[in-house]
Structures are given as C-alpha cells and as structure tokens.
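One structure is given below, encoded as structure tokens.
FYI, it's all coordinate maths here, none of it is from the lab. Everything numeric in this text was worked out from a predicted model, so none of it was measured. Ideal geometry is used to build each Cβ from the backbone, glycine not excepted, and the neighbour counts take in all protein chains shown.
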C-alpha cells in the first residue's frame, strides 16, 4: 500500500513538472466527439500509449481535440477496481466544468 502511494505521488510530481514543458503534441486516432466517452470510470477513454510521457501527451492531445481551447483546472490519480485512472477537470470554452476519465493502465508506472 505504501509503495502504491509513493508511486502515485511520484507520478503526480513528474506530471506537474513535465506537463508545463513545451512539447510536440502527438496525433490521436479515433473519434473524440463521442459524447459519453470519458464521462465516468465505465466510459473512460483508454489511452493506447505504453509509456508515461507519451501517455500524458496523448491525454492532453485528446482534450485539445475534443474540447478545443479548454482550460485544465486539475488532475487526480484514482484507483478503481485495482486499475489506475487519471481524472482531469477542465473548463470548456463555453464555461462548463467537466471531469474527463482516462484509463491509464497501458502506461502507468512505465517510464522510458
């Protein structure tokens, strides 16, 4: 349990450091316009990347494609059913505040 907590803290620390860096945004595939996608754990967006940095970049590219001009308000790492999820809170251009759920099990804890 303590190891999981420490990994979570390390992940969030690295995320906050590297998410502010200017980096090339990867292209994403799939239809980011599906309305329910990302609205809950059950409908979480599955991130296909297999390393931390690429996975994080993919999440932000997805948000920019689905919610152009959105403002990121916060992010949390949550374990639901022994599976890691990122929940990113955003404010859309039209002022709505949303939580977008990402299944990060493909890349969580995998540093390159």
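Under the simplified labelling scheme, the residue 72-residue 91 pair shows an inter-label distance of 1.6 nm, with each label point 7 Å from Cα along Cα→Cβ. Protection proxy ranking for 76-87, 96-107, using the average of other Cβ atoms within 10 Å per residue and placing the highest first: 96-107, 76-87. Sorting 68-75, 44-51 by their mean Cβ neighbour count within 10 Å, with the most densely packed peptide first, gives 44-51, 68-75. Within the stretch 55-108, the ratio Rg/Rh, alpha carbon atoms throughout and Rh by Kirkwood, equals 0.99.
Working from label points 7 Å from Cα in the Cα-to-Cβ sense, the residue 46 to residue 80 distance is 1.6 nm.
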